[in-house]
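**Student:** My structure is below; once you've seen it, I'll send some questions.
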Amino acid sequence: MDKEAESAEQKESTERPKWDNKVQYLLTCIGFAVGLGNVWRFPYLCQIYGGGAFLIPYLIALVLEGLPLLHMELAIGQRLRMGSVGVWNSISPYLGGLGVASLVVSFLVGLFYNMILAWVLWYFFHSFQSPLPWRDCPLNLNHTGYVTECEKTSSVNYFWYRETLNITPDIQTSGSLQWWLVLCLASAWCLVYICFIRGIETIGKATYVTATFPYLVLTIFLVRALTLSGAADGLIYLFTPNWETLKNPQVWLDAATQIFFSLSLAFGGLIAFSSYNPQKNDCERDAVIVGCVNSFTSIYASIPIFAILGFKANEDYNDCRNWNILTLTNAFNIGDENITLENYDDWFHYLNTTNPSVVESLDLKTCNLQTFLDQSASGTGLAFIVFTEAVIKMPGSQVWAVLFFIMLFSLGLSSMFGNLEGVLTPLLDLHMVPLWIPKEIFTGLMCLTSFAVALIFTMGSGNYWLEIFNSYVGSVPLLIIAFFEIISVVYIYGINRFNDDIEWMTGRRPNLYWQVTWRFISPFMLFVVFVAYVVISAKQRPTYNAWNPDYVHFPLAEVLHYPEWVFAICVLLCTLPVISIPLVAGYKFSGFLKKYIMNRHNQNPYANELTNDVEL
Amino acid sequence: MLEKVSFLLLSFTLAEQLCKPGDPDGYKVRLSIKTALGENAYVWNDNEMFLFRATLAFAMTKQFDGQQFEVSDIIVCNQTARVSFWFVVTYPHNKTLVDKQVVERAVRKSRNRINSAFLLSDTTLEFIGIPPTLATPVNPSTPTWLIVFGVVMGAVCAGIIVVLVVSLVQRKRKKNETNEDTQVKTVENGAARDGVYYMSFSEDESSVTQM
């Protein structure tokens, strides 16, 4: 078995591209795993689930679910040296659908992920202005005041919802293509294309920058953020453990889903990356490195994020109190600067006892630091609304804005590489690319097609559609695919055969921890997470938050139900990727049945040659 | 002497009667000197008040080209420690009050000069009821973001073209090399075949007895 595998390896090494060195491979995998979610999803989860206490379910999920699945994907790709479709086809022809499912999911996720990067680019382009454009509301037509929509919310919200997205009041109103977003999307795809142009040859070189640059920026932000006033409040708020939350099952579910999506499993990208490795490579160590670095990055990123959010909460709190001080000063004609933040309470007490009616008529705000700290946000809300508002108040805003958006872009770009490789490698392995098309042209066609389809996200209702794609494509299908992956490897390929392969590749047999998690714990956890996910989503009719300036309670978001046709599309997006699993299995089985029936009819041994054609 | 004193008293009380807080033709002014200047704040006293009245007389005179307003035409009352006070403006010849809108126009026209006289700004020297004209945002002819976009896209497109050209050149070079290899091989094969042919021919010749 050794000799034939080695000769096969030699034959393939002349044809199959490979990584220049181990560092490239590791950086690419780390870059794929570390993405936008590490920066804007994990800190939010930490905050709402009792700070430091959330680390416990998170690390347990990493050890019991994340690392085993990661190890399995890297090992299977490295051993079988093919992309996702080829790998599952090799294990069993009935499982070919699994690879197709990964391919479809990777393609769909790549569509909307790059739209987010287009938004990041838009903000990056605007960060070179002084003052930053989201600092001030624009003036209305006769220059007497500010635009009403902007006055009711804030300049930051207005810049995001009106000047960037130009969002429509609901998902049925499509609006038109916003030309500025089309330009940004085109530049995002061009940037992706130039890194992806020759597959892993160019990706490997690009990841030297895209995978390491975010860490540099995070460190710079860490140093800057810790010197801001109010940073300590934010950090204490983030990390103070609230052990009560561990009793809530939702916390454990969210920890399991977070680790699963954070490691970018089931996309087929990791299988593709490891398939370019030499077979004699320690995939166990690679898996542990990638998994731990991913979790470490999440924790490391939450420190500057929360220091800056604490600073912002402090600024808002001081603004609130200063507004109160000014109101009191003006109403009672006290000398300015006589009431300060320090003696405010004494003054207030004095004025309230002497003139309670006047004080009451002033409608002073209740300023509570906790309320400002509680204003949490995740996802695009964190990056484009909360963070941009914090950046305005920091001295040297342009520098921090530029650094932040470059960091977000490189985080997303390295994840895009994995998505696109998850599409490219299977197509190349299946020889679906005609040989006369050079790789550069094919990757260009891929980028062009994706750009054309992603234009739906540049419409007025694009943000609503992106949320749908994010919730329905990037969640349940992945869980299903991962579950089938681990069942296939453990029970169809055979765990003993898998153990032998790993022993041949790394030189040692996987220990008890891997055996137990692969056979029982990880499939069980995946199943539980999947069932819980479906149950929770099916509980109520799905709704979405719409930005409607004519809404009665504007600036609060209007909560609307999805119309029927949109809901049908949601269900389609959920099922389309995974439908290929039973379809391909059924198709292959029907071919097998035909052959079996024909064999039974023709006892002639020469008849086998005729029936071979039927199999296709 | 008595007449002068009584005249002054009369004008003083008249002035006081003209200026009332909440007067429909008057404006409240509010200064925040310490907020604006911090340590360099000056103390508000009668001299500063005189400067204010003089500045406002200047503004009114500027508005009405013909009429010359005097400091005495600006009447101030209800000064507080804030520092805030009310003022009204009277015409120089008859002591009738100038309309609110006229005063507003005059103040708006010379707002910058009034602010500069006191080293303050629109937010620290407030005329309650006269909103400051909001500064028109600077709009460059090409939006800045398009310039950055142009730079980035230009660099990326140049990079793409370079990579494509390089790979095209590499491909052509490889094709030429493989063409040369096959040509050499065919020549070699041809020579070998010829050699064999000749050898066999020569062998054949030698085997046949010469006539």
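The values are calculated or read from the model by the stated rules, or taken from the named source; none is laboratory data. All of these numbers come straight from a predicted model, not from anything done at the bench. Cβ coordinates were reconstructed from backbone atoms using ideal geometry, including for glycine residues, and neighbour counts include every protein chain displayed.
**Student:** Scan the range A:570-590 residue by residue and report those that are crowded, with 16+ Cβ neighbours inside 10 Å and more than 21 Å from the chain's Cα centre (by Cα).
**Tutor:** Taking the range A:570-590 and keeping what is crowded, with 16+ Cβ neighbours inside 10 Å, we get A:570, A:573-574, A:576-581, A:584-585, A:588.
Passing the criteria: A:Ile579, A:Ser580, A:Ile581, A:Val584, A:Ala585, A:Lys588.
**Student:** Now, a different point. Would a scan of the range A:71-87 turn up a residue that is surrounded by fewer than 24 Cβ atoms within 10 Å (Cβ to Cβ), of a type in the set (Ser, Thr, Tyr) and either free of Cβ contacts under 8 Å to residues at least 60 places away in the same chain or assigned to a helix (DSSP H, G or I) (or both)?
**Tutor:** Scanning the range A:71-87, I find no residue that is surrounded by fewer than 24 Cβ atoms within 10 Å (Cβ to Cβ), of a type in the set (Ser, Thr, Tyr) and either free of Cβ contacts under 8 Å to residues at least 60 places away in the same chain or assigned to a helix (DSSP H, G or I) (or both), so the answer is no.
**Student:** Sticking with this structure for a sec: Of everything in the range A:302-331, what is aliphatic (A, V, I, L, M) and either free of Cβ contacts under 8 Å to residues at least 12 places away in the same chain or under 28 Å from A:Tyr49 (Cβ atoms) (or both)? Give them in sequence order.
**Tutor:** Filtering the range A:302-331 down to residues aliphatic (A, V, I, L, M) leaves A:303, A:305, A:307-309, A:313, A:325-326, A:328, A:331.
Those that are aliphatic (A, V, I, L, M) and either free of Cβ contacts under 8 Å to residues at least 12 places away in the same chain or under 28 Å from A:Tyr49 (Cβ atoms) (or both): A:Ile303, A:Ile305, A:Ala307, A:Ile308, A:Leu309, A:Ala313, A:Leu326.
**Student:** Oh, and also: Name the strands (runs of 3 or more DSSP E) wholly within the range B:70-170 that hold at least 2 residues that are at the interface with chain A (Cβ under 9 Å from one of its Cβ atoms) and either on the phi > 0 side of the Ramachandran plot or without any contact (Cβ under 8 Å) to a residue 24 or more places away in the chain (or both)?
**Tutor:** Working: elements: B:74-77, B:84-89, B:125-128.
Qualifying strands (runs of 3 or more DSSP E): none found.
**Student:** Can you go through A:Glu609, A:Glu615, A:Glu558 and tell me which one is touching a Gly at 6+ places or on another chain (Cβ under 7 Å) and modelled with pLDDT under 90?
**Tutor:** Just one listed residue meets the conditions, A:Glu615.
**Student:** Is at least one residue of the range A:419-434 among the β-branched types (Val, Ile, Thr) and within 16 Å of A:Ser106 (Cα to Cα)? Break it down stepwise before answering.
**Tutor:** Within the range A:419-434, the first condition is being among the β-branched types (Val, Ile, Thr), and the residues that meet it are A:423, A:425, A:433.
Narrowing further to those that are within 16 Å of A:Ser106 (Cα to Cα): A:423, A:425.
Looking for residues that are among the β-branched types (Val, Ile, Thr) and within 16 Å of A:Ser106 (Cα to Cα), one finds at least one in the range A:419-434, hence yes.
**Student:** Considering only residues of the range A:147-179 that are within 14 Å of another protein chain (Cβ to nearest Cβ) and over 23 Å from B:Thr142 (Cα atoms), which is surrounded by the fewest Cβ atoms within 10 Å (Cβ to Cβ)?
**Tutor:** A:Glu151
**Student:** Please find, among A:Arg541, A:Arg509, the residue that is among the charged types (D, E, K, R) and either farther than 26 Å from A:Gln250 by Cβ or part of a helix (DSSP H, G or I) (or both).
**Tutor:** On the way: A:Arg541 fails: either farther than 26 Å from A:Gln250 by Cβ or part of a helix (DSSP H, G or I) (or both).
Just one listed residue meets the conditions, A:Arg509.
**Student:** Pick from A:Tyr208, A:Tyr123, A:Tyr113, A:Tyr161: which is more than 29 Å from A:Tyr544 (Cα to Cα) and touching a residue at least 40 places away in the same chain (Cβ under 8 Å)? Show your work before the answer.
**Tutor:** Numbers: A:Tyr123 fails: more than 29 Å from A:Tyr544 (Cα to Cα); A:Tyr113 fails: more than 29 Å from A:Tyr544 (Cα to Cα); A:Tyr161 fails: more than 29 Å from A:Tyr544 (Cα to Cα).
The unique qualifying residue is A:Tyr208.
**Student:** Does B:Asp23 satisfy the condition of being of a type in the set (Asp, Glu) and at pLDDT 85 or above? Break it down into steps so the answer makes sense when it comes.
**Tutor:** Values: of a type in the set (Asp, Glu): yes; at pLDDT 85 or above: no.
Considered against the rule, which asks whether it is of a type in the set (Asp, Glu) and at pLDDT 85 or above, B:Asp23 comes out as no.
**Student:** In the range A:421-445, which residue that is within 14 Å of chain B (Cβ to nearest Cβ) and farther than 16 Å from A:Glu201 by Cβ is modelled with the highest pLDDT? Lay out the reasoning, then the answer.
**Tutor:** Step one: filter the range A:421-445 for residues within 14 Å of chain B (Cβ to nearest Cβ), giving A:435-445.
Now narrow it down to the ones that are farther than 16 Å from A:Glu201 by Cβ: A:435-437, A:445.
Working: A:Leu435: 81, A:Trp436: 85, A:Ile437: 86, A:Leu445: 92.
Going through the qualifying residues, I end up with A:Leu445.
**Student:** Would you check if A:Gly145 is free of Cβ contacts under 8 Å to residues at least 40 places away in the same chain and of a type in the set (Gly, Ala, Ser)? Give the derivation first.
**Tutor:** Working: free of Cβ contacts under 8 Å to residues at least 40 places away in the same chain: yes; of a type in the set (Gly, Ala, Ser): yes.
Yes.
**Student:** Could you pull out the residue among A:Val223, A:Val182 that is assigned to a helix (DSSP H, G or I) and either within 14 Å of another protein chain (Cβ to nearest Cβ) or under 20 Å from the mean Cα position of the chain (by Cα) (or both)?
**Tutor:** Details: A:Val223 fails: either within 14 Å of another protein chain (Cβ to nearest Cβ) or under 20 Å from the mean Cα position of the chain (by Cα) (or both).
Only one candidate qualifies: A:Val182.
**Student:** Go through the range A:52-91 and count every residue that is of a type in the set (Ser, Thr, Tyr) and closer than 25 Å to A:Phe296 by Cα. Reasoning before the result, please.
**Tutor:** Within the range A:52-91, the first condition is being of a type in the set (Ser, Thr, Tyr), and the residues that meet it are A:58, A:84, A:90.
Then keep just the ones that are closer than 25 Å to A:Phe296 by Cα; that gives A:58.
Of the residues in the range A:52-91, 1 are of a type in the set (Ser, Thr, Tyr) and closer than 25 Å to A:Phe296 by Cα.
**Student:** Now, a different point. Quick one: count up the residues across the range B:34-69 that are within 14 Å of chain A (Cβ to nearest Cβ) and in contact with a Ser or Thr (Cβ under 7 Å, 6 or more places away or on another chain). Write out each step before concluding.
**Tutor:** First, the residues of the range B:34-69 that are within 14 Å of chain A (Cβ to nearest Cβ): B:34-45.
Next, from what is left, pick out any that are in contact with a Ser or Thr (Cβ under 7 Å, 6 or more places away or on another chain): B:35-36.
Number satisfying all stated conditions: 2.
**Student:** Of the residues A:Ile334, A:Ile305, only one is more than 29 Å from the chain's Cα centre (by Cα) and among the aliphatic types (A, V, I, L, M); which? If you could, list the steps in order and put the result at the bottom.
**Tutor:** Details: A:Ile305 fails: more than 29 Å from the chain's Cα centre (by Cα).
Result of the check over A:Ile334, A:Ile305: A:Ile334.
**Student:** Scanning the range B:112-150 for residues that are among the small types (Gly, Ala, Ser) and over 25 Å from B:Lys100 (Cβ atoms), which turns out modelled with the highest pLDDT? Quick ask: steps written out before the conclusion?
**Tutor:** Applying the first criterion (among the small types (Gly, Ala, Ser)) to the range B:112-150 yields B:116-117, B:121, B:129, B:135, B:141, B:150.
Filter again for over 25 Å from B:Lys100 (Cβ atoms), leaving B:141, B:150.
Working: B:Ser141: 71, B:Gly150: 93.
Among them, the one singled out is B:Gly150.
**Student:** Related question: What number of residues within the range A:96-146 are within 30 Å of the chain's Cα centre (by Cα), within 14 Å of chain B (Cβ to nearest Cβ) and of a type in the set (A, V, I, L, M, F, W, C)?
**Tutor:** Number of matching residues: 11.
**Student:** Still on this structure, please answer the following. Helices (runs of 4 or more DSSP H) wholly in the range A:317-420 with at least 2 residues that are more than 14 Å from every other protein chain (Cβ to nearest Cβ) and farther than 30 Å from A:Val34 by Cβ - which ones? Give the derivation first.
**Tutor:** Working: elements: A:344-354, A:356-361, A:369-374, A:387-393.
Those helices (runs of 4 or more DSSP H) span A:344-354, A:356-361, A:369-374.
**Student:** Let me ask another. What number of residues in the range A:129-150 are out of contact with any helix residue (DSSP H, G or I) (no Cβ under 7 Å at 6 or more places or on another chain) and at pLDDT below 85?
**Tutor:** Selection size over the range A:129-150: 8.
**Student:** Shifting gears a bit: Among the residues of the range A:187-200, write down those that are within 8 Å of chain B (Cβ to nearest Cβ) and part of a helix (DSSP H, G or I).
**Tutor:** To start, the set of residues in the range A:187-200 that are within 8 Å of chain B (Cβ to nearest Cβ) comprises A:187, A:190-191, A:193-194, A:197-198.
Passing the criteria: A:Ser187, A:Cys190, A:Leu191, A:Tyr193, A:Ile194.
**Student:** Taking A:Pro477, is it under 23 Å from the mean Cα position of the chain (by Cα), of a type outside the set (Ser, Thr, Tyr) and surrounded by 13 or more Cβ atoms within 10 Å (Cβ to Cβ)? Full working, then the answer.
**Tutor:** On the way: under 23 Å from the mean Cα position of the chain (by Cα): yes; of a type outside the set (Ser, Thr, Tyr): yes; surrounded by 13 or more Cβ atoms within 10 Å (Cβ to Cβ): yes.
Yes; evaluated as a whole, the condition is true for this residue.
**Student:** Test A:Ser471 against the criterion of being in contact with a Phe, Trp or Tyr (Cβ under 8 Å, 6 or more places away or on another chain), among the polar types (S, T, N, Q), assigned to a helix (DSSP H, G or I) and within 30 Å of A:Ala75 (Cα to Cα), and give yes or no. Talk me through it step by step, then tell me what you get.
**Tutor:** Values: in contact with a Phe, Trp or Tyr (Cβ under 8 Å, 6 or more places away or on another chain): no; among the polar types (S, T, N, Q): yes; assigned to a helix (DSSP H, G or I): yes; within 30 Å of A:Ala75 (Cα to Cα): yes.
It is false that A:Ser471 is in contact with a Phe, Trp or Tyr (Cβ under 8 Å, 6 or more places away or on another chain), among the polar types (S, T, N, Q), assigned to a helix (DSSP H, G or I) and within 30 Å of A:Ala75 (Cα to Cα).
**Student:** While we're looking at this one, here's another question. Within the set of pairs 6 or more residues apart or between chains, which connect a residue that is touching a residue at least 12 places away in the same chain (Cβ under 8 Å) and of a type in the set (Val, Ile, Thr) inside the range A:559-580 to a residue that is buried (at least 17 other Cβ atoms within 10 Å of the Cβ) and part of a helix (DSSP H, G or I) with Cβ atoms less than 6 Å apart?
**Tutor:** Correct list of pairs: A:Val578/A:Ala101; A:Val578/A:Pro477; A:Val578/A:Ile480.
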